[in-house]
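Enquirer: Handing you this structure, nothing more for now.
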Amino acid sequence: MKILAMNKIIEETTIDVCESVDNAVVIYTTRQMAAQIGFNEAQQFLIATAASELSTNIIRYAKKGFVILRTISKNHDSRGIEIIAKDNGSGIEDIDRAMQEHFSTGNSLGLGLPSVKRIMDEFFIESSPENGTLVIAKKWR
Amino acid sequence: MNAEKQKNSSSNQIDGNLALQILQQIPTPVMAVDPNLQIIFMNQAGCRFIGKNFEEIKGTHCYSIFNSTHCQTSDCRMKKVIDGGERFTARNQVNIDDRVIHIEYTTAPLKDDNGNIIGGIEYILDNTERVRQEQKLREQNKIIMEISTPAIKLWDRIVVIPVVGVIDSMRAQQMMDTMLKEITQTSAKVIILDIHGVAAVDTAVANHLIKIAKATKLMGCRCIISGISPAVAQAIVQLGIDLGDINTNSTLEDALSDAFALLKFEVISKK
Ligand SMILES: Nc1ncnc2c1ncn2[C@@H]1O[C@H](COP(=O)(O)OP(=O)(O)O)[C@@H](O)[C@H]1O
Ligand SMILES: [Mg+2]
């Protein structure tokens, strides 16, 4: 998968996630950031949902990790939001399968990762047993 | 200033002595190590931070001084820049003489005039206060989340459960328990789950809602999910979630009139 381009970072927050309250922090912070750069309410809700999918996966499959939320810009005034989810868990065995709808090793819906990809404009995932899982997703205004 | 002069002054930069004084006096620890992670420089703030003179630590391995969570693991950002990485910032915890300090450190490669990597540099910021604040926030959030889910008997055999904030598995289980108990205790026939106040409907939340609706149905009770705002509706579609035959409404008011219809109640206005 293609590495995403680096963008100018305007603001950044790191949230450690290991229990479901941290997920709440991720959701609220994402919504707030999305609102700040002018996403409408439905979009704020969607982006927060995508962030929540990623932090939920960290808690469920890797126990702990962190989420970095950034407001970014490109071409002067185009603004966006970047979600980076990273853990040092045991990684995803088969990324292609994990990206398919309804695939789950956790006995749940298996719609999280494919939804994040659909909701966001740019998506990158990398996973290995040594380094855990990294997901980067961006949404532009 | 002419171009020649400007070029000269920027290549000479400032006097080496002054540069060293500045580095020494920067009020946060700055350190440099050689490729074997042996300390070749530590400024005054750094020496104060670890409580030793530079002479005592010169040539010592940095990991034996800092004893941090990242030390001697693949997480060590100093090793990463020595191995060719550009620049890293990470949170970490150092352990110096029984003191545990939360820090954030930034590393970059140390290069000679020819651009060869000859070690690494790092500066350290004390993160203790930030970590404390975050911990407090975390505890507060926990309390808010633990406020139990209320069930409100709205009408004969009609119960409303408003869902506010963030739903996690524990909370979903709590909601399920509350609902099932309410059904048996009040012989409710319609339960309205109002999700107008939830912060996000991700697939896990949707899955919980589906399960709750199924369980109520098994107990001979109808479940209506209300408070589906345009944002929630869009999220559910984008997530590809199939709510099956669960009744949904955009407002609590609509859900209530559906409940009345289900129970064959009629609301008549007195002329
Ligand atoms: N951070 C992670 N670490 C390890 N495995 C993961 C991680 N995130 C996702 N996975 C794997 O990918 C699968 C699909 O994830 P997802 O699409 O979110 O669906 P679900 O969480 O419902 O299973 C998971 O079942 C799990 O096996
Ligand atoms: Mg998931």
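The values are calculated or read from the model by the stated rules, or taken from the named source; none is laboratory data. Here the structure is a predicted model, which is why all the values come from computation and not from measurement. Cβ atoms come from the backbone with ideal geometry, glycine included; neighbour counts cover every protein chain shown. Note: accessible area is taken over every heavy atom of the protein model, side chains too, but ligands, DNA and RNA are not part of it. Shrake-Rupley method; radii C 1.70, N 1.55, O 1.52, S 1.80 Å.
Enquirer: Kindly indicate whether any position in the range A:55-66 is open to solvent by 40 Å² or more (accessible area, probe 1.4 Å), away from ligand 1 (no atom under 11 Å from the Cβ), within 12 Å of chain B (Cβ to nearest Cβ) and closer than 23 Å to B:Val166 by Cβ.
Expert: Yes, there is a match, as at least one residue in the range A:55-66 is open to solvent by 40 Å² or more (accessible area, probe 1.4 Å), away from ligand 1 (no atom under 11 Å from the Cβ), within 12 Å of chain B (Cβ to nearest Cβ) and closer than 23 Å to B:Val166 by Cβ.
Enquirer: State all residues of the range A:86-120 that are in contact with a strand residue (DSSP E or B) (Cβ under 6 Å, 6 or more places away or on another chain), assigned to a loop (DSSP other than H, G, I, E, B), under 16 Å from A:Ala62 (Cα atoms) and not β-branched (Val, Ile, Thr); if no residue qualifies, say none.
Expert: Scanning the range A:86-120 gives A:Asn88, A:Gly89, A:Gly91.
Enquirer: Follow-up. Would you pick out the residues in the range A:67-95 that are within 16 Å of ligand 2 (Cβ to nearest atom), buried (at least 17 other Cβ atoms within 10 Å of the Cβ) and of a type in the set (Asp, Glu)?
Expert: A:Asp87 - this is the single residue of the range A:67-95 that is within 16 Å of ligand 2 (Cβ to nearest atom), buried (at least 17 other Cβ atoms within 10 Å of the Cβ) and of a type in the set (Asp, Glu).
Enquirer: Would you be able to say whether some residue in the range A:14-25 is more than 11 Å from every other protein chain (Cβ to nearest Cβ), part of a loop (DSSP other than H, G, I, E, B) and acidic (Asp, Glu)?
Expert: Step one: of the range A:14-25, the residues more than 11 Å from every other protein chain (Cβ to nearest Cβ) are none.
No: zero hits.
Enquirer: Residue pairs, Cβ under 8 Å, 6 or more apart or interchain, first in the range B:233-254 and touching a residue at least 12 places away in the same chain (Cβ under 8 Å) and more than 9 Å from chain A (Cβ to nearest Cβ), second of a type in the set (D, E, K, R) and part of a helix (DSSP H, G or I). List them.
Expert: From the range B:233-254, the pairs are B:Asn247/B:Asp258; B:Asn249/B:Asp258.
Enquirer: Take the residues in the range A:6-19 that are touching a residue at least 24 places away in the same chain (Cβ under 8 Å) and either open to solvent by less than 40 Å² (accessible area, probe 1.4 Å) or of a type in the set (A, V, I, L, M, F, W, C) (or both); name whichever of them is farthest from A:Glu126 (Cα to Cα).
Expert: A:Ile10
Enquirer: Okay, moving on. Would it be correct to say that B:Lys142 is of a type in the set (D, E, K, R), over 28 Å from the mean Cα position of the chain (by Cα) and open to solvent by 50 Å² or more (accessible area, probe 1.4 Å)?
Expert: Judged against the criteria, B:Lys142 is not a match.
Enquirer: Further question: Do the conditions hold for B:Leu243, that is, is it surrounded by 22 or more Cβ atoms within 10 Å (Cβ to Cβ) and assigned by TED's automatic domain parsing to the domain that holds B:Asp168? Outline the logic, then answer.
Expert: Values: surrounded by 22 or more Cβ atoms within 10 Å (Cβ to Cβ): no; assigned by TED's automatic domain parsing to the domain that holds B:Asp168: yes.
Judged against the criteria, B:Leu243 is not a match.
Enquirer: With respect to B:Val100, determine if the residue is open to solvent by less than 50 Å² (accessible area, probe 1.4 Å), hydrophobic (A, V, I, L, M, F, W, C) and part of a strand (DSSP E or B).
Expert: Working: open to solvent by less than 50 Å² (accessible area, probe 1.4 Å): no; hydrophobic (A, V, I, L, M, F, W, C): yes; part of a strand (DSSP E or B): yes.
No, not satisfied.
Enquirer: In the list A:Thr49, A:Thr30, which residue meets the criterion of being within 7 Å of chain B (Cβ to nearest Cβ), of a type in the set (Val, Ile, Thr) and crowded, with 24+ Cβ neighbours inside 10 Å? Let's see the steps before the verdict.
Expert: Values: A:Thr30 fails: within 7 Å of chain B (Cβ to nearest Cβ).
Just one listed residue meets the conditions, A:Thr49.
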